[in-house]
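Heads up: the structure comes next, in structure tokens.
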Amino acid sequence: KQEVTQIPAALSVPEGENLVLNCSFTDSAIYNLQWFRQDPGKGLTSLLLIQSSQREQTSGRLNASLDKSSGRSTLYIAASQPGDSATYLCAVTLGDMRFGAGTRLTVKP
Amino acid sequence: NAGVTQTPKFQVLKTGQSMTLQCAQDMNHNSMYWYRQDPGMGLRLIYYSASEGTTDKGEVPNGYNVSRLNKREFSLRLESAAPSQTSVYFCASSDLLPGTGGDEQYFGPGTRLTVT
């Protein structure tokens, strides 16, 4: 059974800092990995989708990498802003989609 | 273009009561999904529908039923609610099933359900 783990569960940083969120998964035979953002009381917004054949994807200040062989992905956020405060979830697809529990990010002004 | 919409946004039920959560998407997607989100556990798939007229069980289907009414609408029914079903329920849609092309899933805003 695919297990997805996100560490840390919560992270607080000052504005302007670069940061890395981690996601690990137990079965490396995935089709893709997706990073989502969830604001309190809201649904999920897709940030980046990395296909299994890709190593990374970039969107603005966000960069996600994928290392299938080691079962890891990272989401890099450059020059963090208070508006980046949210919970970030990763999900891997192998048959169905399995989610991590998320990292709750707080960016302090 | 509203994307994925869900009703109601909030609901309180008593144990044993029944209710149906509604979901609709206007993106002409083939596949639709129901998830539940519990604190510290991430999202878990309850049921999905690969296309109109088909439904399949996900990771946690017990206590739920679904109906794919047409291509746009996918409903989730709790026949006899239990306190363990207190959760936030999300509906999602995508053009392709996971594992058949790696399509993005788009999520609704969620329904917060409390069973007392």
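Structure notes:
- Within region B:88-107, the residues that satisfy the criterion of being at pLDDT below 70 and open to solvent by 10 Å² or more (accessible area, probe 1.4 Å) are B:Leu97, B:Pro98, B:Gly99, B:Thr100, B:Gly101.
- Across region A:38-54, the qualifying residues are those that are facing chain B (nearest Cβ under 7 Å) and in a strand (DSSP E or B), and the one among them that is most open to solvent (accessible area, probe 1.4 Å) is A:Gln51.
- Applying the criterion of at least 3 residues that are of a type in the set (Val, Ile, Thr) and under 24 Å from A:Gly41 (Cα atoms) to the strands (runs of 3 or more DSSP E) found wholly in region B:1-105 leaves B:4-7.
- First in region A:1-14 and at the interface with chain B (Cβ under 10 Å from one of its Cβ atoms) and at pLDDT 95 or above, second anywhere and in a strand (DSSP E or B) and open to solvent by 70 Å² or more (accessible area, probe 1.4 Å), Cβ under 6 Å, 6 or more apart: none
- For B:Glu52, the stated conditions do not hold, so it cannot be described as at pLDDT 95 or above and of a type in the set (Asp, Glu).
- The set of residues from region A:79-104 being more than 14 Å from A:Phe25 (Cα to Cα), open to solvent by less than 30 Å² (accessible area, probe 1.4 Å) and within 12 Å of another protein chain (Cβ to nearest Cβ) comprises A:Tyr88, A:Thr103.
Yes or no, residue by residue, for (1) touching a strand residue (DSSP E or B) at 6+ places or on another chain (Cβ under 9 Å); (2) closer than 25 Å to B:Asp56 by Cβ; (3) at pLDDT below 90; (4) not in a loop (DSSP other than H, G, I, E, B):
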| position | (1), (2), (3), (4) |
| --- | --- |
| A:Leu33 | yes, yes, no, yes |
| A:Ala64 | yes, no, no, yes |
| A:Ser69 | no, no, no, no |
| A:Tyr76 | yes, no, no, yes |
| A:Cys90 | yes, yes, no, yes |
| A:Met97 | yes, yes, yes, yes |
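The values are calculated or read from the model by the stated rules, or taken from the named source; none is laboratory data. Please read these numbers as outputs of a predicted model, since none were measured by experiment. Glycine also receives a Cβ, built like all others from the backbone with ideal geometry; neighbour counts cover every protein chain displayed. Please note that ligands, DNA and RNA were not included when accessible areas were found on the heavy atoms of the full protein model with its side chains. Shrake-Rupley method; radii C 1.70, N 1.55, O 1.52, S 1.80 Å.
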